[in-house]
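Peer 1: Okay, here's the structure, questions in a sec.
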Amino acid sequence: MKTYSFLDVQCAIAGPGLVANLSAGVGLADEGISFAFNGNINTTTIGADGEGMNTLRSDRSGTVTVRLLKSSPTNQILSAALAFQRTSSAAHGQNTITLFDRNKGDVVTAEGVAFNKVPDLNFGKEAQVIEWQFSAVKISPTLGS
């Protein structure tokens, strides 16, 4: 039987003015990294006579969320990259996020990745998790065993 550990997951983001490790050891929160898809693969249409058809949709877009502890130095790296990439449309939306689980064989690649927004910031009694949200034009997942 296979097991899972985040320690086996390697993840990185790269783009204009940005190369950052998003793997274990950089101060990721318990919730880690998630990939969410925007649209359905299929649309089913049923006609007036009850006959139907399926339409294969080519949308592979989605959202990537990276959750870091407030104390993670990776927040500063991402903040600087966001500031740089906002200076020109030539730098916007040119990032790639690649995740690989060497034990399970899972591979997820997100291309055409852009910062969605400046993360919400909370300053209170206890430090909060900082969520970096990205939009991706194309997310390609391949799940291993």
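The values are calculated or read from the model by the stated rules, or taken from the named source; none is laboratory data. Since we're looking at a predicted model, the values are computed, not measured. Glycine also receives a Cβ, built like all others from the backbone with ideal geometry; neighbour counts cover every protein chain displayed. Just the protein is used for accessible areas: all its heavy atoms, side chains included, with ligands, DNA and RNA removed. Shrake-Rupley method; radii C 1.70, N 1.55, O 1.52, S 1.80 Å.
Peer 1: Which of the residues belonging to the range 27-42 are open to solvent by less than 100 Å² (accessible area, probe 1.4 Å), assigned to a strand (DSSP E or B) and closer than 16 Å to Ile130 by Cα?
Peer 2: Listed by number, the residues that qualify are Leu28, Ala29, Gly32, Ile33, Ser34.
Peer 1: Looking at the structure I just gave you, is Gln133 among the polar types (S, T, N, Q) and more than 26 Å from Leu7 (Cα to Cα)?
Peer 2: Here the answer is no, as Gln133 does not meet what is asked.
Peer 1: Assess whether Val19 counts as being outside any loop (DSSP other than H, G, I, E, B) and either open to solvent by 50 Å² or more (accessible area, probe 1.4 Å) or at pLDDT below 95 (or both). Spell out how you get there, then give the answer.
Peer 2: Details: outside any loop (DSSP other than H, G, I, E, B): yes; either open to solvent by 50 Å² or more (accessible area, probe 1.4 Å) or at pLDDT below 95 (or both): yes.
Yes.
Peer 1: Under the condition of being among the acidic types (Asp, Glu) and surrounded by 17 or more Cβ atoms within 10 Å (Cβ to Cβ), which residue from the range 54-109 is farthest from Asp8 (Cα to Cα)?
Peer 2: Per the stated criteria, the residue is Asp106.
Peer 1: Within the range 93-145, count every residue that is over 21 Å from Ile77 (Cβ atoms) and assigned to a loop (DSSP other than H, G, I, E, B).
Peer 2: Residues that pass the stated criteria total 11.
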